[in-house]
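**Student:** I'd like to ask some things about the structure below.
Read-outs throughout are calculated quantities, based only on the coordinates presented, and are distinct from any laboratory measurement. Worth saying up front: this structure is predicted, and the values here are computed from it rather than measured. Ideal geometry is used to build each Cβ from the backbone, glycine not excepted, and the neighbour counts take in all protein chains shown.
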Amino acid sequence: MDIQKLARMARIQLSEEEQKQLAKDLEGIIAYCQKLETLDVDNLEPLVHVFEQPDNTWGEDVPDVNGINNCLAQNAPHMEADQLSVPKVL
């Protein structure tokens, strides 16, 4: 594996020790991926969610215009008649 070429492409500078460590780490990652390729996954169902019935589902998607306006009003530098007031750009 050409670590110097990889470092040039990533536009990073690596010391000799960092190059050796990166080569070792990448070899470990590649070996693990090769090990995963040997697994038989033909009879497995695709995973939709980690849990069968996720209990962290979101509530109804209801717009809350007042809540957004209040948040904007608190953080806006200047408001006029319930609208954001910004300086002219042109």
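**Student:** State which residue pairs qualify: first residue without any contact (Cβ under 8 Å) to a residue 40 or more places away in the chain and inside the range 18-30, second residue β-branched (Val, Ile, Thr) in any location, beta carbons under 7 Å apart, and separation of 6 or more residues or different chains.
**Tutor:** Note: pairs meeting the criteria are 19/3; 22/3; 23/3.
**Student:** Working only within the range 13-52, note down all residues that are in contact with a helix residue (DSSP H, G or I) (Cβ under 9 Å, 6 or more places away or on another chain) and among the hydrophobic types (A, V, I, L, M, F, W, C).
**Tutor:** 14, 22, 23, 26
**Student:** Then there is this: What are the residues in the range 3-30 that are surrounded by 10 or more Cβ atoms within 10 Å (Cβ to Cβ) and either in a loop (DSSP other than H, G, I, E, B) or small (Gly, Ala, Ser) (or both), if any?
**Tutor:** Result: 7, 12, 14, 23, 28.
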